[in-house]
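Reading through the structure tokens given below for one structure.
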Amino acid sequence: MFNKISDEYIKSVFDHAAKKYDVMNDIMSVGMHRMWKNFMVKICNPKPHSIVLDLAGGTGDLTIKFAQKLKDSGKIFLVDSNKSMLTVGKKKIRNFGLIKNIYYIQASAENLPFANFSFDVAAISFGLRNMCNQEKSLRSVFRVLKTGGKLVILEFSKPYSEVLKKLYSVYSFSFPYVGLLLFNNSFSYRYLIKSVQTYYDQKHLKKIIRASGFNKISHFNLLGGIASIHVGFKTTLY
Ligand SMILES: C[S@@+](CC[C@H](N)C(=O)[O-])C[C@H]1O[C@@H](n2cnc3c(N)ncnc32)[C@H](O)[C@@H]1O
């Protein structure tokens, strides 16, 4: 794991990246993150009138997809600790003509400012890896989920084939250079790739989710395990 990363460091990574984050995401994932997020929303499958948490929601891709699915029913809370990411997200979401029932909250996952048993679904896409205290964050999500509520996490993982591992590591080696060339920002992308390389594998993440209180945990590998989606449920009161 990428130890000793402070909240201030993460803040400066995303302050630097916010304005170009969406373009860079498309370039670096070759548009793949869009398909993965569509799949994630299918797995979240929020019912009409659901209360949904898009945690570490950044520039709001998931919030847009949830809002389109829920139409005007339910509520979506886009929560992120970074003001610059939220500002970009809010503008983008409004450009999609989505205004109703979306709430923007600047807060840290570790200390969510919501009452116990508030949400039906909590989704975290490419956010958990960046949280300084992931177990504390997941326990905080557990607290605010309703009993029976669902946690869905999309995150980079470990490819299971050796060939894919090698190809992926060569490909990701280029990220900071692409960041520097296109966006004059190698700093954020050096961090992002390091955080992916040093992140947990699928099994280890499952253990962390379980240790945070969740049950019935399963996962889906995406693109040979380059990314994965983990699902867990809050089946007990606490
Ligand atoms: C890689 S971006 C992902 C954004 C978006 N979910 C997506 O999939 O495109 C990671 C986000 O996590 C946010 N973040 C990092 N640590 C956080 C924390 N402790 N609490 C809330 N958000 C956090 C960052 O500010 C950033 O917006």
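At a temperature of 25 °C and a viscosity of 0.890 mPa s, determine how fast the stretch 156-238 diffuses translationally according to Stokes-Einstein, using the Kirkwood radius over alpha-carbon pairs as Rh; express D in µm²/s, rounded to the nearest whole number. Stokes-Einstein gives a translational diffusion coefficient of 171 µm²/s. Each Cα pair under 8 Å and six or more residues apart adds its sequence gap; the mean of these over the residue count of the chain is a relative contact order of 20 percent. In summary, the lysines within cross-link reach of LYS90, defined as a Cα separation below 24 angstrom excluding same-chain residues under 8 places away, comprise LYS11, LYS19, LYS20, LYS37, LYS42, LYS47, LYS65, LYS69, LYS71, LYS75, LYS100.
Please report the orientation-averaged projected area of the chain, defined via the convex hull of its C-alpha atoms, in nm².
Mean projected area of the Cα convex hull: 11.6 nm².
Size descriptors for the stretch 1-123 (Cα atoms only): Rg and Dmax, in that order, 14.5, 42 Å.
Take every pair of alpha-carbon atoms less than 8 Å apart whose residues are at least six positions apart; their mean separation over the length of the stretch 49-144 yields a relative contact order of 35 percent.
Under 11 Å from a label point set 7 Å out along the Cα-to-Cβ vector of ASP7, the amide N atoms of the stretch 116-158 belong to 132-133. Relative to the Cα centre, the charge distribution of the chain, modelled as +1 at Lys and Arg Cβ and -1 at Asp and Glu Cβ, gives a dipole magnitude of about 440 debye. Rounded to the nearest 0.05, the FRET efficiency derived from the C-beta distance between ASN45 and LEU180 at R0 = 45 Å is 0.65.
Counted over the stretch 51-188 with a bin width of 5 Å, the fraction of Cα pairs per bin, in whole percents, is 2, 9, 17, 18, 18, 14, 11, 8, 3, 0. Each principal axis of the stretch 107-191 carries a Cα extent, and these read 45, 33, 18 Å when sorted largest first.
Residues whose amide H lies under 5 Å from that of GLY149, counting only those 5 or more places away or on a different chain, are LYS234; hydrogens are built 1.01 Å from N in the peptide plane.
Taking every DSSP helix (H) stretch of at least 4 residues in the chain, weighting each as -39,500 (n - 2.57) and dividing the sum by the residue count yields a mean residue ellipticity at 222 nm of -13500 deg cm²/dmol.
Net length available on complete extension from ALA115 to LYS91 is 5.9 nm, with 0.36 nm assigned per residue and the Cα-Cα distance removed.
Readers should treat all values here as calculations from the given coordinates under stated rules, not as data from a laboratory. Just so we're clear, the structure is a prediction, and the values are computed from it rather than from any experiment. With ideal geometry, Cβ positions are generated from the backbone for all residues, glycine too; neighbour counts draw on all protein chains shown.
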